[in-house]
Amino acid sequence: MPDVKTPNVKKETTDFLVIGSGVAGLRAAIELSNHGKVTVITKDVPSESSTEYAQGGIAVALSDEDEVGIHYEDTLKAGDGLCREEAVRVLVEEGPERIMELISWGAEFDRDGTRLAFGLEAAHSRKRILHAGGDSTGKELERVLINKVKAIHGIRRLPFTLAMELIVRDGACLGALTVSERRPAALLARATVLATGGAGQVYSITTNPQVATGDGMALAYRAGAALEDMEFVQFHPTSLFLPSAPHFLLTEALRGEGGRLLNARRERFMDRYHSEMELAPRDAVSRAILKEMERTGSDHVYLDLGRMGGDFVKRRFPRVYSTCLTYGLDITREPIPVCPAAHYMMGGVKTDILGRTNLRGLFAAGETACTGVHGANRLASNSLLEGLVYGRRAGQTAAAEATGLSKEQLALSFEPVPPQSIPAHDEIRGDIRRLMWQEVGIIRNEQTLLEAKRKIEQWGYITEKSFLTRRELELKNMIQVAGLITDAALSRQNSVGAHFRSDYPRKSAGWQDHITLRKND
Ligand code: FAD
Ligand code: SIN
């Protein structure tokens, strides 16, 4: 055996630990900074997050034609009977205040003259989507929140620092084991807020950035926290389909402004599938596209902006226009080849409406959490709002409920982390992503799910190991999360919202139950 050097675990303490620097983590950190020293860790540069890439905008009932009650009803309808009503009420009622606060911190949303401009997206019965820079809303949110955090003296930011595991003793979370440049550290905290975002990277076709590997869900599960609704994965109907390009998102707002879907024969087809045509709920549009691809023997359909006018497209969607142009596609002249892609996790770490998990000292917010706001299917543009509203709530609760670390807790020592390695980890990563797309995708059934489960179990040994590299740690988490999505999808023997089982195509007995997964249950 070669002599493997085992790095020692450095120990540090902070009052509050926030894991993740997207909208939810940053908003939580700002709240916590009123109550003590905050450390925000993030595994890449601070802005690298789903938040940064959000295009369409942020839903909020602020226009003259809108009311919070209508936003509430639309959210419940999209959630297809599985939203927690109390959680939705909090979202829509606190949303306007959070947006006005963001504007007071410098957020510049697009305007018509002096009035805020509101866009329309699928399943919204009113124009209520605020946007910035046309289609760069998330970038504006990150800019404002990062600047705010930088201006607060009591917030320490540690980029390229990855949370490996949560530290749990006697049922309480005391912080996290982290790694930076292969050096492990224990960050002890009075309270920890998990805000690590989604898990789209578990699928081979996804709109999500590289950081979205489901780390928070996997860490929380291994630590004993309950996860809920993991079977509900939202597939966005329109991602760019070009051989040499990533699956760049083509915002729903393109359809909101009149974009039409055409099949490979360039025929409009949504009238065969849904009365709301292109503005039907996302799951319905994604399944319709899949069926139309099958019917016409094609691997994509088209999004046609022809009726919009080139100048309008360039002005309203500058990021989409210029990104497609870099891949040689002028969207003002030709229809865009598109296909559905994994986009958003409705499920996650189960929390109450104050951001509490079932572990003392552990709070969660944003896409990694499951407050029940989205039910079985998220209403477009509700997640940035959720990050603001519930990020703040998780921060408030964490501050209010944090107790001091005891002498014994402060004296904890940590074993050196044996640096193990998986030689073929990148191949396994590719295999698992393809497997999830093929067998646990938009349409599932018992046979495909059992096949996925069998294969995922073969990789189960990886979730028991400890690593010091980001790619291997992410793979460990992806395997864990893939297994949880598959188990939940197997358990739900009915079709509701984004979860469609071809062997149980309707809402049958038990469809209103939530599926909760907990280690050792
Ligand atoms: P994120 O913004 O993803 O942030 C997660 C953070 O956690 C990142 O900083 C990441 O580096 C860090 N992290 C992850 N794992 C670890 C770890 N182990 N250790 C340390 N740090 C870690 N929603 C809308 O409402 N409107 C939209 O227009 C919209 N458009 C979208 C467009 C795209 C392309 C995508 C991908 C999503 C879009 N969404 C949109 C969804 C929305 O952007 C996300 O749900 C939301 O931004 C999630 O915020 P978050 O703070 O929970 O997570
Ligand atoms: C989009 O712009 O279509 C994405 C909006 C969202 O996911 O909420």
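The values are calculated or read from the model by the stated rules, or taken from the named source; none is laboratory data. Everything numeric here is computed off the predicted structure, so don't read it as measured data. Neighbour counts are summed over all protein chains in view; Cβ atoms, including those assigned to glycine, are modelled from backbone coordinates with ideal geometry. We work out accessible area using only protein heavy atoms, side chains counted, and drop any ligands, DNA or RNA first. Shrake-Rupley method; radii C 1.70, N 1.55, O 1.52, S 1.80 Å.
How much accessible area per residue does the range 241-310 have, counting only protein heavy atoms and a probe of 1.4 Å, in square angstrom?
44 Å²
How far, in degrees from 0 to 90, does helix 137-150 lean away from the longest principal axis of the Cα atoms of the chain, to the nearest 10?
With both axes taken from Cα atoms, the answer is about 30 degrees.
Where the only charges are on Cβ atoms (+1 Lys, Arg; -1 Asp, Glu), what is the dipole of the range 204-304 about its Cα centre, to the nearest 20 debye?
About 320 debye.
Tell me, what is the 1.4 Å probe accessible area of residue 103, in Å² to the nearest 10?
Rounded to the nearest 10, the figure is 40 Å².
Determine the sum of side-chain charges near residue 211: Lys and Arg each +1, Asp and Glu each -1, restricted to other residues whose C-beta is under 10 angstrom from that of residue 211.
Surrounding charge for residue 211 is -3.
To the nearest 10 square angstrom, what accessible area does residue 265 show with a 1.4 Å probe?
130 Å²
Projecting each Cα onto the charge dipole of the chain (Lys/Arg +1, Asp/Glu -1 at the beta carbon, about the Cα centre), which of 313, 13, 402 comes out farthest on the positive side?
13
Just by accessible area at a 1.4 angstrom probe, what is the order of 308, 217 from largest to smallest?
308, 217
Once label points are set 7 Å from the Cα along Cα→Cβ at both residue 125 and residue 77, what is their separation, rounded to one decimal in nm?
0.5 nm
Shape of the range 312-462 from its Cα gyration tensor (a ≥ b ≥ c, root eigenvalues): rounded if a/c is under 1.5, otherwise prolate when a/b > b/c, or oblate? Each step should come with its number before you reach the end.
Details: a/c = 1.99, a/b = 1.33, b/c = 1.50.
Taking the square roots of the gyration eigenvalues as a ≥ b ≥ c, the range 312-462 is oblate.
To the nearest 10 degrees, how steep is helix 282-296 against the longest Cα principal axis of the chain, on a 0 to 90 scale?
60 degrees
What ranking, highest mean first, results for peptides 451-459, 393-401 when packing means the other Cβ atoms within 10 Å averaged over each residue?
Ranking the peptides 451-459, 393-401 by packing returns 393-401, 451-459.
Can you sort 274, 300, 153 by solvent-accessible area, 1.4 Å probe, largest first?
Largest accessible area first, the residues go 153, 274, 300.
Net charge near residue 242: determine it from the other residues with C-beta under 12 Å of the C-beta of residue 242, scoring Lys and Arg +1 and Asp and Glu -1. Don't jump to the answer; show the numbers that get you there.
Values: positive: none; negative: 299, 334.
Within the 12 Å Cβ shell, the charges total -2.
How large is the helix-only mean residue ellipticity at 222 nm for the chain, computed as the sum of -39500 (n - 2.57) over DSSP H runs with n ≥ 4, divided by its residue count, in deg cm²/dmol to the nearest 500?
-10500 deg cm²/dmol
Give me the compactness ratio for the range 431-521, meaning the Cα radius of gyration over 2.2 N^0.38 Å.
1.16
Compute the normalised compactness of the range 258-336: alpha-carbon radius of gyration over 2.2 N^0.38 Å, N being the residue count.
Relative to the rule-of-thumb radius for its length, the range 258-336 sits at 1.14.
Over 25 Å between C-alpha atoms is what I'm after, so list which of 43/127; 77/350; 37/150; 43/148 land there. Can you show the working numbers first?
On the way: 43/127 36 Å; 77/350 21 Å; 37/150 14 Å; 43/148 20 Å.
With Cα atoms farther than 25 Å apart: 43/127.
With angles folded into 0 to 90 degrees, how steeply does helix 446-458 sit against the dominant principal axis of the chain? Use alpha carbons for both and round to 10.
Roughly 30 degrees between the two axes.
To check you understand DSSP bridge types, tell me what percent of the beta bridges within the chain (both residues inside) are antiparallel, rounded to 5.
Of those bridges, close to 60 percent are antiparallel.
Would you mind estimating how fast the chain diffuses translationally, via Stokes-Einstein at 4 °C and 1.567 mPa s with the Kirkwood radius over Cα pairs, in µm²/s?
56 µm²/s
Once the Cβ-Cβ distance between residue 447 and residue 407 is put in as r, and R0 is 60 Å, what FRET efficiency do you end up with, to the nearest 0.05?
For residue 447 and residue 407, the calculated efficiency is 0.60.
Just the number please: accessible area per residue for the range 1-156, 1.4 Å probe, all protein chains included, in Å².
Values: 6710 Å² over 156 residues.
So the range 1-156 comes to 43 Å² accessible per residue, rounded to a whole number.
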